Amino acid sequence: MNKKTWGIIAIIAIAIAIVFIIVKKHNNNSIESETDDFDYTECQYTNEIESGEDLFCYYMSADKYPDEPFFADMVELYNASVLVNGIKSVVDVWYRYESSEDALESLKHADVSILKNDDIRAMVTQYLQLTTTVVSQDLSELDTVAYKQFIEYSDLVDSTLATRYNITNYAKLSDEEYWGSMNYRNEADDLYKKLRCKRITPENNESSDAEKDIKLMLEKIKKEKDFSKKCSYTMAYTSQVDYYYIAFDVIEPLLDDGRYSPYLFFLWRIWRCGEQLSNPCYGPSTWSVIPNKIYNEKRFKVAEATLNHIVKHREDAVAINQFLMTSSMNNILRLGQYPFGNESFTELYYLGLVDLGSGSEEELAVEE
């Protein structure tokens with residue numbers, strides 16, 4: 001094998017070691033697992049490169065919603081985002097593995113005919129064509145002019161979608177109103193009182209008393225019948241417990257439930273990062289398998305539950321905003337702002353759940 005191959009093997013070995021450290025931390029605390037005896041042949045993804053059909057799927061159908069411009073816009077944004085996110089993931093994989101053949105094969109699965117708006121369809125078609133031109137080249141002999149054009153057009157696509165499908169075009173919603181609706185901290189206090197337990201903090205969450213209180217919280221969350229409170233309590237739980245101690249199996253049923261909560265957008269993001277970092281089939285490395293198909297299946301369920309809620313509550317500006325953000329959120333990419341692993345770490349940083357080594361507490365707590 002050549003030096004490049006040996007280098008890849010070494011990096012994968014390091015990534016596996018990191019995964020075991022993370023999983024070990026889970027095993028010692030809140031998640032029951034058998035990763036020590038894990039059979040890697042059970043992993044759903046056996047190839048290092050995700051295929052195009054896994055990236056370009058879970059489109060939304062307009063037929064399920066009222067025949068109105070608003071719902072047409074919501075469906076169009078969702079489907080355009082599927083395509084744009086898929087294209088970005090193809091480029092991300094191509095850049096990491098330097099395989100033009102795989103990238104070009106993946107792009108064949110991008111079906112722009114799903115888009116109904118002529119301008120949006122033309123824009124995404126142009127983006128697809130520019131991407132095809134770039135990934136068909138050898139990375140070491142890249143046409144810098146074509147690549148610059150691709151980058152600039154990629155930014156144009158992002159800004160066009162963000163402007164065209166902005167909350168200000170559909171409802172009035174101030175920052176104060178939005179964050180004021182996120183009252184899980186108040187409901188968490190109510191939960192603590194009901195359970196007669198103390199507030200969990202990063203400083204005390206490893207103590208024996210904290211472990212008992214966390215167990216009480218999880219039992220209460222699982223037994224709670226009110227879906228709104230269930231989501232609120234879960235959000236409070238994830239904000240109080242050290243991220244690597246979270247029992248992610250508490251979150252997943254909420255994403256599959258079909259009912260709406262404004263916290264689903266955040267819980268989905270927390271869950272997919274947890275799945276990426278703690279599942280031994282995946283991992284934290286830029287070389288790790290990143291099964292965005294699985295994450296986007298949950299995204300679709302959250303988006304569908306949110307839009308179904310909006311059908312009955314057309315005036316719910318927070319729900320509209322949550323749908324727009326759920327639709328537009330990037331896939332987890334390998335390469336980005338975080339230089340030591342994939343972008344699940346960057347996402348957790350913006351969620352205020354991990355410290356990447358710099359920035360104030362205030363900066364860590366700010367949602368992008």
Checklist outcome for this item: Every listed condition ((1) free of Cβ contacts under 8 Å to residues at least 60 places away in the same chain; (2) among the β-branched types (Val, Ile, Thr); (3) buried (at least 20 other Cβ atoms within 10 Å of the Cβ); (4) closer than 30 Å to SER232 by Cα) holds for VAL82 save (1)
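Table: residues versus (1) within 29 Å of ILE320 (Cα to Cα); (2) polar (S, T, N, Q).
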position	(1), (2)
ALA62	yes, no
GLY86	yes, no
VAL93	no, no
TYR97	no, no
GLU101	no, no
THR131	no, yes
VAL135	no, no
Item to check | Complete set of residues in the range 97-124 that are crowded, with 19+ Cβ neighbours inside 10 Å and charged (D, E, K, R) | outcome: ASP102
Next on the checklist: Looking only at the range 140-152, filter to residues that are assigned to a helix (DSSP H, G or I) and open to solvent by less than 50 Å² (accessible area, probe 1.4 Å); which one of those is farthest from LEU128 (Cα to Cα)?
Outcome noted: ALA146
Next on the checklist: For the range 340-356, which positions are of a type in the set (Gly, Ala, Ser) and surrounded by 20 or more Cβ atoms within 10 Å (Cβ to Cβ)?
Outcome noted: GLY341, SER344
Item to check | Candidates ASP102, ASP92 - the one that is assigned to a helix (DSSP H, G or I) and more than 20 Å from the chain's Cα centre (by Cα) | outcome: ASP102
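Could you please let me know if PHE323 is at pLDDT 95 or above, under 18 Å from GLU252 (Cα atoms) and of a type in the set (A, V, I, L, M, F, W, C)? Before you say what the answer is, go through the steps one by one.
On the way: at pLDDT 95 or above: yes; under 18 Å from GLU252 (Cα atoms): no; of a type in the set (A, V, I, L, M, F, W, C): yes.
Judged against the criteria, PHE323 is not a match.
Can you find a residue that is in contact (Cβ under 8 Å) with a residue 60 or more places away in the chain, in contact with a Ser or Thr (Cβ under 8 Å, 6 or more places away or on another chain) and small (Gly, Ala, Ser) anywhere in the range 95-115? Break it down into steps so the answer makes sense when it comes.
Just the residues of the range 95-115 that are in contact (Cβ under 8 Å) with a residue 60 or more places away in the chain, to begin with: 95-96.
Those left that are additionally in contact with a Ser or Thr (Cβ under 8 Å, 6 or more places away or on another chain): 96.
Those still in the list that are small (Gly, Ala, Ser) too: none.
For the range 95-115, residues in contact (Cβ under 8 Å) with a residue 60 or more places away in the chain, in contact with a Ser or Thr (Cβ under 8 Å, 6 or more places away or on another chain) and small (Gly, Ala, Ser): absent.
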Checklist entry - For the range 29-65, how many residues meet the condition of being of a type outside the set (D, E, K, R), modelled with pLDDT of 95 or more, more than 24 Å from the chain's Cα centre (by Cα) and open to solvent by 50 Å² or more (accessible area, probe 1.4 Å)? => result 0
Checklist outcome for this item: Of the residues in the range 181-239, those that are modelled with pLDDT under 70 and not in a helix (DSSP H, G or I) come to ARG196, CYS197, LYS198, ARG199, ILE200, THR201, PRO202, GLU203, ASN204, ASN205, GLU206, SER207
Item to check | Subset of the range 331-343 (residues that are touching a residue at least 12 places away in the same chain (Cβ under 8 Å) and over 13 Å from TRP268 (Cβ atoms)) | outcome: LEU333, ARG334, LEU335, TYR338, GLY341, ASN342, GLU343
Checklist entry - Quick check: anything in the range 268-288 open to solvent by 40 Å² or more (accessible area, probe 1.4 Å), of a type in the set (Phe, Trp, Tyr) and part of a loop (DSSP other than H, G, I, E, B)? => result no
Checklist entry - Can LEU130 be described as open to solvent by 10 Å² or more (accessible area, probe 1.4 Å), aliphatic (A, V, I, L, M) and at pLDDT below 95? => result no
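Table: residues versus (1) outside any loop (DSSP other than H, G, I, E, B); (2) among the basic types (Lys, Arg); (3) under 24 Å from ASP249 (Cβ atoms).
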| position | (1), (2), (3) |
| --- | --- |
| PRO262 | no, no, yes |
| ALA303 | yes, no, yes |
| LEU307 | yes, no, no |
| VAL311 | yes, no, no |
| LEU335 | no, no, no |
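The values are calculated or read from the model by the stated rules, or taken from the named source; none is laboratory data. Worth saying up front: this structure is predicted, and the values here are computed from it rather than measured. Here Cβ is always computed from backbone atoms with ideal geometry, including for glycine, and neighbour counts include all displayed protein chains. With ligands, DNA and RNA removed, areas are computed over all heavy atoms of the protein, side chains included. Shrake-Rupley method; radii C 1.70, N 1.55, O 1.52, S 1.80 Å.
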